[in-house]
1. Among (1) outside any helix (DSSP H, G or I); (2) touching a residue at least 40 places away in the same chain (Cβ under 8 Å); (3) polar (S, T, N, Q), where does Gln501 come up short?
2. Every residue in the range 204-254 that is part of a loop (DSSP other than H, G, I, E, B), open to solvent by 70 Å² or more (accessible area, probe 1.4 Å) and within 18 Å of Gly335 (Cβ to Cβ), please.
3. Please specify each residue of the range 431-448 satisfying the condition of being assigned to a loop (DSSP other than H, G, I, E, B), within 39 Å of the chain's Cα centre (by Cα) and of a type outside the set (Asp, Glu).
4. For the range 145-168, name all the residues that are more than 18 Å from Ala516 (Cβ to Cβ) and open to solvent by 60 Å² or more (accessible area, probe 1.4 Å).
5. Restricting to the range 527-556, count the residues that are of a type in the set (A, V, I, L, M) and over 23 Å from Asp455 (Cβ atoms).
6. Scanning the range 124-139 for residues that are crowded, with 20+ Cβ neighbours inside 10 Å and in contact with a helix residue (DSSP H, G or I) (Cβ under 8 Å, 6 or more places away or on another chain), which turns out farthest from Gln214 (Cα to Cα)?
7. Kindly list the number of the only condition in (1) in contact with a Phe, Trp or Tyr (Cβ under 9 Å, 6 or more places away or on another chain); (2) open to solvent by 30 Å² or more (accessible area, probe 1.4 Å); (3) in contact (Cβ under 8 Å) with a residue 12 or more places away in the chain; (4) not in a loop (DSSP other than H, G, I, E, B) that fails for Phe201.
8. With respect to Phe181, is the statement that it is outside any loop (DSSP other than H, G, I, E, B), aromatic (Phe, Trp, Tyr) and either at pLDDT below 95 or open to solvent by 70 Å² or more (accessible area, probe 1.4 Å) (or both) true?
Amino acid sequence: MHKIIFDTFEFDLTPYNISTVEDNHWFLDEFSTKYSFPFNFKLTEELLVIFGDLLDDNTKFIKKLYNVTYVLGNKMESCVFEIESQIGLEVTSTFRFGYDDFPNFDKKLSELPLEESTIADVYIHAKTIIPQTWPAVNYNYPQIYTDEHEDDLPTWADFNNIINNYNGTDFYENTSDNDVFVNNNIIQPMPYLLHILKQGFLDAGYTLQGEILQDEIIKQLLVFFDADYFKRIVSVIDYQLLRENYDSTSGNGDIYEYEDTIQLEPDSTYVITGFGYAYQDLDQNGALTGSTIKYKGKNIASVGNNYSTIWRSFDSTFTTDSNPDLSTQILIVTGQSVSFDLHPLGYRSDVYAHSFLNIYDIKITRQAETEADEIEIIHDVDLKKVVPNITFGEFFYSIKTMFNLESNIQGKTIYINFLKNSINNSNITDLSNYLVKKPKRTFPDDESYLLAFSDIEGVTYEKLLIPEENFVNGDVELEDSRTEIEIKPIPLPIKIVNGIQTAYSLGKQDSKIYLALYNGLNEDSINATNDSTPILIPNLYFSYHKTWLHFLLNAIGYTWVFKMYLEELQELNKKVFAYGRHQVIETIDKTQIGEDLFEVEIETKTLP
């Protein structure tokens, strides 16, 4: 049985001698889609029900892609059928089936169903979490050193540059007394890597299983994102002056006058940010009107009076004097605006002056010189806010490369295992009865590899040249024959402060995956992360990559063609026995030459 099932029709593929190609995704960076070579068919009465628009020259939008089901023997797979071209009743088409990407691989990590919980008191809650590990908990609160706030005084004067600072008994708390704020801590949850993977595949309708869930190193991995997981309470004046709020008119009643005041504090520094808008009266020879913001006669911000300032963004800083009389500590806003009934701007036909409803839309932020702003701890858990700004697909493929993983989809379960464990002589299909006398053999060339982390500012990790097994620091000039295996997730470096050794933040880079190992409280009952050695290049190579890479470097390739019936063809595993050697199938090309008979071209690589 070889057919494609449309919603209303089954298309028998048996007569068309169709060739399909399947690549073993072990040899690819991403999931592989199986596909057919182009083939021709003639539009019959039955097929015209589906493809009749192809014959209508008045049809403006031809449907080219159809989501269908591909059936070969007893196996059914999702498929995309594509119309490539058509001449009269003759149509050329192809189809692809299997998995290319999961439907949610374009989703941001923040769009996945990661854990969210309402917490009454995070200081108490976090104490119950830090002794535990995955899978008992989906996130944790390890200590992370950070330099992000060390120059922001006085707000962070009491902060010891430690996120999730814990003394072995309690988490340090932020306190206040008569509006004097002491900010000792940031409490931020960090998701386990496996929680993100499980929820990502669950979001696509699949359950995650396999060896990845049992690996003792991967089970400890937390994903860190320097997210400012807190609320900073600052003195901010949101000021908006609408055109309709004028105080008086002048001229012929078509000039609107404005005057307003904004209360300030003495001995304070303020920052004005936002936008101001001016207006043009084409009936007055294109003259512009605008407005100004002044402090004690000094112009702080203004817009108007020339063609280059139809609108202006502000980022101005000024300081008030020490006069305690608050009646003198004011900003004075004055200005004019022409009639609301305006024409397009003469020199900007795409902009209409009357589209501006505001005179000003700004924020006036007080920056205290000697007082700390309040840092309000976020008690609730929202893991969507503490993940990198990348897609689930980017995340998965990065982890796949780091740990040299392979995947197998069975129904609604995805099994993710270590590729190294497949380089053996188990699950072999014997092809001894399907050999030819003189297969093509391809011998190993001078291929070599470089295993390295992505470059990141602030830290340098060893790189590894393979097969030499030479570890190097710094830049490596790649030869044409050397392939780089770039590992994008970055282990956080370790830092020791006051006798506590834990991970150190590399700063705010929202597209980077930063990893830290955490396995519960240490022997001193401190929530410190573990040493990152298990996820550095030497251990990644010897634990996850060496077996596979040495297989690639030493394998002999075989290519030959044979005939096989569908029943046996569907029993083929990824590994076969042929020419006295155990081998891995790299590519298989099948062409139907009879009702259940196929001509098969196979490419393999010999196992050690």
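The values are calculated or read from the model by the stated rules, or taken from the named source; none is laboratory data. A quick note: this is a predicted structure, and the numbers were derived from the prediction, not measured. Don't worry about glycine lacking a Cβ; one is built from the backbone with ideal geometry, like all the others, and counts go over all protein chains shown. Side chains included, ligands, DNA and RNA excluded: accessible areas come from the protein's heavy atoms. Shrake-Rupley method; radii C 1.70, N 1.55, O 1.52, S 1.80 Å.
1. Only one criterion in (1) outside any helix (DSSP H, G or I); (2) touching a residue at least 40 places away in the same chain (Cβ under 8 Å); (3) polar (S, T, N, Q) is unmet by Gln501, namely (2).
2. Start the filter on the range 204-254 by keeping residues that are part of a loop (DSSP other than H, G, I, E, B), which leaves 204-206, 210, 214-217, 225-229, 234, 246-247, 251-254.
Adding the requirement that they be open to solvent by 70 Å² or more (accessible area, probe 1.4 Å) leaves 214, 216, 246-247, 251-252.
Correct list: Tyr246, Asp247, Gly251.
3. Pro444 - this is the single residue of the range 431-448 that is assigned to a loop (DSSP other than H, G, I, E, B), within 39 Å of the chain's Cα centre (by Cα) and of a type outside the set (Asp, Glu).
4. Glu150, Asp151, Leu153, Ala157, Asp158, Asn160, Asn167 - these are the residues of the range 145-168 that are more than 18 Å from Ala516 (Cβ to Cβ) and open to solvent by 60 Å² or more (accessible area, probe 1.4 Å).
5. Summing the residues that are of a type in the set (A, V, I, L, M) and over 23 Å from Asp455 (Cβ atoms) in the range 527-556 gives 5.
6. Among those residues, the one meeting the criterion is Tyr139.
7. (2)
8. yes
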